[in-house]
Amino acid sequence: MKRPYAIIFILLLFLVSACAAGRENTAPAPNRAFLERGYDEVWNSLNAMLSGDLEYPIEKAEKGTIETKWISIINSEGTVRWKLIANVKKKKDGTEVEVTKKVQVLEKTSASSKKKRAEKEPEPGMNLGGWRTGQSDMVDEGQILSSLKKKMGL
């Protein structure tokens, strides 16, 4: 007699898990924001904030993408460099902004490998001419998006 209940329980469990697996994750990414403002207003505010307010050295600022130069710091663990890339996309009811922080850590290298240093972006964890890619903690990206919203009165 207990067997039908077990089968029903297993079927219900299967049904619930199948429904949950079909759902999309609707939580926003910590480095992405949707703003209910026009593209030009968002672009101009972001560009002014990064180059003016925050004084980041801008390497490229073309409509749609802002990229900073590499910024190096020395801490207790060695030399680290990072750059920000902000992408702005026009959407139906507003504008989407995505901020990515690329991080690289300098590893001790031989003289021959120092000659191979380049600005190329290897896969995370790969070594390229003494620089090993690292992971962003997503804090800076969130702070930049928060500052942008505040600057725009959102």
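Quick notes
- Among the residues of the stretch 68-94, the one identified as of a type outside the set (D, E, K, R), within 17 Å of the chain's Cα centre (by Cα) and outside any strand (DSSP E or B) is Trp70.
- For the stretch 33-51, filtering for residues that are crowded, with 16+ Cβ neighbours inside 10 Å and assigned to a strand (DSSP E or B) leaves 2.
- Some residue of the stretch 76-98 being modelled with pLDDT under 90, over 20 Å from Lys151 (Cβ atoms), among the β-branched types (Val, Ile, Thr) and in contact with a strand residue (DSSP E or B) (Cβ under 9 Å, 6 or more places away or on another chain): yes
- Checking each residue in the stretch 26-47 for being hydrophobic (A, V, I, L, M, F, W, C) and free of Cβ contacts under 8 Å to residues at least 12 places away in the same chain picks out only Ala27.
- Screening the stretch 118-154 for residues that are in contact with a strand residue (DSSP E or B) (Cβ under 9 Å, 6 or more places away or on another chain) and polar (S, T, N, Q) and picking the one that is modelled with the lowest pLDDT gives Asn127.
The values are calculated or read from the model by the stated rules, or taken from the named source; none is laboratory data. If you're wondering where the values come from, they're calculated on a predicted model, not measured in any experiment. Here the Cβ is made from the backbone with ideal geometry for all residues, glycine too, and neighbour counts use every protein chain on show.
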